[in-house]
1. Which of the trypsin sites (Lys or Arg not before Pro) found in the stretch 197-255 are in a DSSP loop and have at most 15 neighbouring Cβ atoms, other than their own, within 10 Å?
2. Debye calculation, C-alpha points only, no solvent: report log10 I(q)/I(0) for the stretch 227-366 at q = 0.14, 0.20 Å⁻¹, in the same order as the q values.
3. Using Cα centres only, tell me the gap between the stretch 349-364 and the stretch 1-78 in whole Å.
4. Provide the per-residue ³J(HN,Hα) series for the stretch 150-163, in order, calculated from phi with Karplus coefficients 6.51, -1.76, 1.60 and θ = phi - 60°, each as a whole number of Hz, with x at glycine and proline positions.
5. Which value at 222 nm does the chain reach when only helices count, each DSSP H run of 4 or more adding -39,500 (n - 2.57), with the total divided by all residues and rounded to the nearest 500 deg cm²/dmol?
6. Under the classification rounded if a/c is under 1.5, otherwise prolate if a/b is larger than b/c and oblate if not, where does the stretch 141-287 fall, given a ≥ b ≥ c as square roots of the Cα gyration tensor eigenvalues?
7. Take the residue pairs Lys317/Lys356; Lys279/Lys358; Lys211/Lys364; Lys8/Lys136; Lys227/Lys406; Lys170/Lys211 and return only those whose Cα atoms are more than 24 Å apart.
8. Roughly what % antiparallel, to the nearest 5, for the DSSP beta bridges in the chain?
Amino acid sequence: MSRTNKLKIFNDPIYGFISIPNELVFDLIQHPYFQRLRRISQMGLSYLVYPGAHHTRFHHALGAMHLMQKAVEVLRFKGVLISQDEETALYIAILLHDIGHGPFSHALEQSIVENVHHEEISLLFMHQLNEEFEGKLILAIQIFKGEYHRKFMLQLISSQLDMDRMDYLKRDSFYSGVAEGNINSDRLIQMLHVVDDVLVVEEKAIYSIEKFLMARRLMYWQAYLHKTSLVAELILTKALKRAKELSQKGVVLDASQPLLFFLTNKIEKEDFTATILEKFSQLDDFDIMSALKSWQYHNDFVLSSLSKMIINRDLLKVKLSNEKFEREVLTAYKEQLLIEYPVSISETDYFVFKGKIKTLGYNKEAQPIQIVKKDRTIEDVVISSDQLNSRAFSKPVTKYYICFPKVLEEINKL
């Protein structure tokens, strides 16, 4: 009986060839939990704005692992001791960091399950895989949770300059065509070092870091929080909320068995047994799109209308402002809506709503990006960089939005 060759390579449009470093990593990639990421969109509904943005979490996880391989190689070259077990654990931790994402990535984080962050579900998957792989993920889980004594290893996975961010910026920029998000990940990785167990960047990479932080900021406003992507994800969340409301009242909806389970049951973190985790692992983008295609013909006006908006890309109007929208504006739109749509007062919340979005280019409160200078002293990148100081990168930017049906704006123009 021939033995499977597990040392495969992937052809990636960003980096060229990505190699699988060992058999354990191959077996994890082959596992159904990880293969599911092929069916989870990396950028949610952003393809409604950028038609090329159809890449998946599977793409991204492999890319982040590839960058981790580069980082390990660079750090070892500079004399940082990383054992074989630590190396494999780093690859596993970065590979599985997003395995807990639900359909359409962040869009449905609170719609299918309640009060559970995707990273918590990733950890549940990692523990389950650890059992199946007879304890071979213990070190990866320790690093992922920040419990391992070598703290720089967590920084490679989750920090303000980690392999996760480096890949998604470069990858999302490539697939969306938003050139402003492109970064030089090669140079950033070549400039990494470890001093006193802290991940640092050599001083000569200061301009690359400035570009990295600027690219991240631009990607948020131009792609991730683009107003059309924003309203599409809000509508999708509202559609799931309505479906859940109807299901829990006993209304029969056409949907896959895994989706029906989460619609009819309120699932919180403490409810996650191995059985429920298995049901969650059966959910992907196809369950949601298939349900929306069916729900657009449902006799519930709210559910069918919201579903049609996504399927036909005929979305609500969204307005952004630097100032809060007054409650009176919301009330006026709702009053008009009651005349135009066959809905109750409480159902107007599905079509007219407001909120805010907030981003932070660089978080001073979190672990900073540390620059190591020629004299071996270390300082926060904001202090080292005139650019970041002058641009006040660490100040949060907040924008407010209001959404309503386009028909209401047309009435106002008459």
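1. Values: sites: Lys204, Lys211, Arg216, Arg217, Lys227, Lys238, Lys241, Arg242, Lys244, Lys249; in loops: Lys249.
Loop-located and lightly packed - Lys249.
2. -0.80, -1.23
3. The stretch 349-364 and the stretch 1-78 have Cα centres separated by 31 Å.
4. 8, 5, 4, 5, 5, 4, 5, 9, 8, 6, 7, 8, 10, 5
5. Roughly -14000 deg cm²/dmol at 222 nm, from the helical runs in the chain.
6. Numbers: a/c = 3.60, a/b = 1.71, b/c = 2.11.
It comes out oblate by the Cα gyration axes.
7. Going by Cα-Cα distance, Lys279/Lys358 fall outside the 24 Å limit.
8. 90 percent
The values are calculated or read from the model by the stated rules, or taken from the named source; none is laboratory data. Keep in mind the model is a prediction, meaning the values are calculated, not measured. In this analysis, Cβ positions are derived from the backbone assuming ideal geometry, glycine residues included, and neighbour counts consider all displayed protein chains. The area values use the complete protein model at the heavy-atom level, side chains included, leaving out ligands, DNA and RNA. Shrake-Rupley method; radii C 1.70, N 1.55, O 1.52, S 1.80 Å.
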